[in-house]
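Q: I have a structure I would like to understand better, so I am pasting it below and will then ask my questions one at a time.
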Amino acid sequence: MLSPRHAFISAFLKGAETRTVTSEHIDKMMTASNLQDALAIIREADIGSYLEESPVRTFDDVDACLWGYLAQRIRYVESLKFRPKEILKLSRAYVVKYDVSNIKAALQGISVGKKASMIPVGVIYNNALLDELSNAENVDDIIQLLIKCKLGDYVPALEQYKMDESVKSKLLAQTKLDNKYYENMLNVSKTLSAGHVFSKILGLTIDLTNLQIITRAIIGGIGAEIAEYAIAGGYMIAGQAIKDLSSSELAEVPTKLGGTPYQDIAKEVLSSYETTKSISAVSEIIDKHKFRLAKEMLSSRLLPSLAMAWYLILKEVEIRNLRLVLKTIVDGVPVQEIKNYLVL
């Protein structure tokens, strides 16, 4: 039986879930002819009322508000008086994924000599240093900023790249950043109630991310070279399995995944790619299955840490879908063309 403190936060998070944008909202938005009509459709959802109170005229306005909404929701849950300590621990570890994404963007900005676009969520953003990261002129600038933000355990991932700024070194640095993130998340999971469930979700997510990396590499003709860029800590796809898959032909991947939950996913990826010849089909399908697996394992859980994990995933998917739909409407592109990219 949940304690009153745990029952409160679980009830709050489950209640918030009922006020998210649903697939029915998305279907209706696909018939909207302009931005304001689309936003009117989601007025009753939490994010809709937030956008209604914001000055939104262009997609850039919308984009800033969507990320602002996500950051605000996370801060609000963290500030609740009766939230268990593990909620804060999970939330603060989880949002570092946006810091990792922003660090990668900064590395790319340095390599092309252009200011990087940042996601206004995460530890660096909370320290009001996101503009400084965006304007970083070299890897040392990023390293110093990470130390300021107490993200020093990500510094070793950048040290080698600082000495050798080749494409391979940049890819390895990105892999090391991802590895450190998932390593930290797995360590946090060991301290949570029902942490074994969250650890399994992380392992499944790593597996699917590696399957995505490997499949795209095979399609690109560099499968055999990609094994060292895989993420450690997978549930079933790790070590020798990664090497075996990366040296395969695309048609062989489903067979090699026999006996795992991923065989049917690999078959779906293969079928879609053979039909469309679009590499984006890989990410499209795997992202949907990441969400499906998370939903199956987390959506009915009441323990605070698991309810919080599901809340974070659900809000991220909500933002992702709205960005796609609203951008398409603003650009005047038929919304049906992006339906397959939505995670519903």
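The values are calculated or read from the model by the stated rules, or taken from the named source; none is laboratory data. None of these values were measured; they are calculated from a predicted model. All Cβ positions, even for glycine, are placed from backbone atoms using ideal geometry, and neighbour counts span all protein chains on display.
Q: Listed residues VAL21, VAL56; which is free of Cβ contacts under 8 Å to residues at least 60 places away in the same chain, within 26 Å of the chain's Cα centre (by Cα) and part of a loop (DSSP other than H, G, I, E, B)? Let's see the steps before the verdict.
A: Values: VAL21 fails: free of Cβ contacts under 8 Å to residues at least 60 places away in the same chain.
Only one candidate qualifies: VAL56.
Q: Let me ask something else about it. Could you grab me the full set of residues in region 79-106 that are over 20 Å from GLU183 (Cα atoms) and at pLDDT below 95? Spell out how you get there, then give the answer.
A: Just the residues of region 79-106 that are over 20 Å from GLU183 (Cα atoms), to begin with: 79-85, 105-106.
Those that are over 20 Å from GLU183 (Cα atoms) and at pLDDT below 95: SER79, LEU80, LYS81, PHE82, ARG83, PRO84, LYS85.
Q: Something else now. Of ARG92, ARG83, which residue is in contact (Cβ under 8 Å) with a residue 24 or more places away in the chain, surrounded by 19 or more Cβ atoms within 10 Å (Cβ to Cβ) and basic (Lys, Arg)?
A: On the way: ARG92 fails: surrounded by 19 or more Cβ atoms within 10 Å (Cβ to Cβ).
After applying the criteria, what remains is ARG83.
Q: For VAL333, only one of the following conditions fails: (1) assigned to a helix (DSSP H, G or I); (2) under 19 Å from ILE26 (Cα atoms). What is its number?
A: Failing condition for VAL333: (1).
Q: Ok, one more. Which ones in region 191-209 are touching a Ser or Thr at 6+ places or on another chain (Cβ under 9 Å), without any contact (Cβ under 8 Å) to a residue 60 or more places away in the chain and either of a type in the set (Val, Ile, Thr) or crowded, with 18+ Cβ neighbours inside 10 Å (or both)?
A: Across region 191-209, the qualifying residues are SER199, LEU202, ASP207.
Q: Also: Looking at region 321-339, I want the residues that are hydroxyl-bearing (Ser, Thr, Tyr) and have a partner that is surrounded by 15 or more Cβ atoms within 10 Å (Cβ to Cβ) and assigned to a helix (DSSP H, G or I) with Cβ atoms under 8 Å, at least 6 apart or on another chain. Which pairs are those?
A: Final answer for the pair search is THR328/VAL335; THR328/ILE338.
Q: Going residue by residue through region 279-291, is there one that turns out to be among the β-branched types (Val, Ile, Thr), modelled with pLDDT of 90 or more and within 30 Å of ARG5 (Cβ to Cβ)? Break it down stepwise before answering.
A: Going residue by residue through region 279-291, those that are among the β-branched types (Val, Ile, Thr) are 279, 282, 285-286.
The next check asks that each one be modelled with pLDDT of 90 or more; those that pass are 279, 282, 285-286.
From what's left, within 30 Å of ARG5 (Cβ to Cβ): none.
No.
Q: Could you check region 41-51 and list, in sequence order, the residues that are part of a helix (DSSP H, G or I) and over 18 Å from ALA71 (Cβ atoms)? Give the derivation first.
A: Let us first name the residues in region 41-51 that are part of a helix (DSSP H, G or I), namely 41, 46-51.
Residue satisfying the conditions is ILE41 alone.
Q: Further question: Pick from region 219-243 the residues that are buried (at least 20 other Cβ atoms within 10 Å of the Cβ), of a type in the set (A, V, I, L, M, F, W, C) and in contact with an Asp or Glu (Cβ under 7 Å, 6 or more places away or on another chain): which of them is nearest to SER169 (Cα to Cα)?
A: If we take residues in region 219-243 being buried (at least 20 other Cβ atoms within 10 Å of the Cβ), of a type in the set (A, V, I, L, M, F, W, C) and in contact with an Asp or Glu (Cβ under 7 Å, 6 or more places away or on another chain), then ILE231 is nearest to SER169 (Cα to Cα).
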